[in-house]
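The values are calculated or read from the model by the stated rules, or taken from the named source; none is laboratory data. Just so it is clear, the model here is predicted, and its values are computed rather than measured. Backbone-built Cβ (ideal geometry, glycine too); neighbour counts: all protein chains shown. Each accessible area value is taken on the protein alone, full model and side chains, heavy atoms only, with ligands, DNA and RNA left out. Shrake-Rupley method; radii C 1.70, N 1.55, O 1.52, S 1.80 Å.
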Amino acid sequence: MKFKLFILVFFLALNSSFSQVDESQTGAWYMYFFSHQFKDSQWGFQGDFQYRDWQGLGDMEQLLLRSGITFSPKDAGVKFTLGYGNVTTGQFGESDETSGESRIYQEALIPQKLGNRFYLTHRFRYEQRFVENQDFRTRYRYNLFLNVPLNSKELSPKAVYLALYNELFINGQMDIGDGREVQLFDRNRTYLGVGYVLNPKIRFQFGWMNQKTNAWGKGQLQFSMHHNI
């Protein structure tokens, strides 16, 4: 009887922890992406800084700092990246507690153009994750980006474009230590936005992204600057 009561209390507590995330509340992500290709070289670097908030401002979801070295083989149509990310994750609500993660990743970026206006990019990313109070983890990610210029055939200065993407996350390990497990499916993100090309080096995007995990789903506004240094 006591064991059954314990199980009941455990699952009620687990459900309560999931319900801490207010799915009706729209969050916001503020992002800066940068990249650089060294002159007359196949080498470069890229990265991004992101502040993610559960409610817009005032309740940090994550602070993500990420950068890597890129290599673009000649006439291959692909860019490879080896990088590192540092992630600080906060809890939803009044708690100020955070947890840390160090992340190494390898990435392949494959651009593709269909017709006169459809700019596709495939991104394959493999992550090695060192999450605080968890065993070593890996994760696989695939993102399909689509940009469609609306007032021009090219993503040239003054072009306004439609931006869409969908990204799937798959966990490499189910066991994360101390008897805890995660599911194979980690999350999925679907995004719809609009962008503006300011000049050959800078463009801006604003849009809405829906993120779904096994525990919750939540909408996020996204504000981003993309800078070719």
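Data for the structure
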item: Segments classed as strands (runs of 3 or more DSSP E), wholly inside the range 144-229, with at least 3 members that are of a type outside the set (A, V, I, L, M) and surrounded by 15 or more Cβ atoms within 10 Å (Cβ to Cβ); result: 160-171, 185-199, 202-213, 217-228
item: Residues located in the range 113-132, provided they are of a type in the set (S, T, N, Q) and at pLDDT 95 or above; result: 121, 128
item: Pairs where the first residue, in the range 142-166, is under 9 Å from residue 197 (Cβ atoms) and the second is at pLDDT below 95 and open to solvent by less than 40 Å² (accessible area, probe 1.4 Å), C-beta under 7 Å, 6+ apart; result: 159/152
item: Set 188, 147, 143, 199: member being modelled with pLDDT of 95 or more and within 21 Å of residue 82 (Cβ to Cβ); result: 143
item: Filter pass, residue 34 being part of a strand (DSSP E or B), under 26 Å from residue 193 (Cα atoms) and open to solvent by 70 Å² or more (accessible area, probe 1.4 Å); result: no
